[in-house]
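Heads up: the structure comes next, in structure tokens.
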Amino acid sequence: MPADDSRADAPRDSKKPPSSLSDVVSAHRFQDMTSLLEWEPCARDGLLYGVGAGTCAAFLGLFKRGSLISAGNWGVLTFGIVGIAAKHLCDYQRAYRRARIRTMLGMDRPAKVANFTPDKPASDKPKDD
């Protein structure tokens, strides 16, 4: 057996009660959650587009079907799909912009080597015979 499976077989501490949702939420600070938007620039776009599309889908589903549970399911599904798609599209656009900038600045060309001698002569003028 691998060493990781031994932890699953260990008995649970009976004195410690299971964590409740309020314990888990209170353990995280609001700044920890907002710092995600600082180091992951496309997360904001994904969340905003996902929330907007999920809300619209939930309201449309509520008006069409009249069932709150069905409308909620459609809203959550739409939030997930649109949010992930928007984040990946933003990542692709950022990478494309960076590649275009590198191309414009000439950073994609190989660096010049000091003692490099080309195979062809420097001048391409035709020789007179």
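The values are calculated or read from the model by the stated rules, or taken from the named source; none is laboratory data. Just so we're clear, the structure is a prediction, and the values are computed from it rather than from any experiment. Just so you know, the surface numbers come from the protein's heavy atoms only, side chains and all, with ligands and any DNA or RNA stripped out. Shrake-Rupley method; radii C 1.70, N 1.55, O 1.52, S 1.80 Å.
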*Output ³J(HN,Hα) for region 44-55: one whole-Hz value per residue in order, computed from phi by the Karplus curve 6.51 cos²θ - 1.76 cosθ + 1.60 with θ = phi - 60°, and x for Gly and Pro.*
4, 4, x, 5, 5, 5, x, 5, x, 5, x, 5
_Segment Leu105-Leu77, length gained on full extension (0.36 nm per residue, minus Cα span)_ = 5.8 nm
*Just read off the accessible area of Lys87 with the full protein assembly in place, 1.4 Å probe, to the nearest 10 Å².*
60 Å²
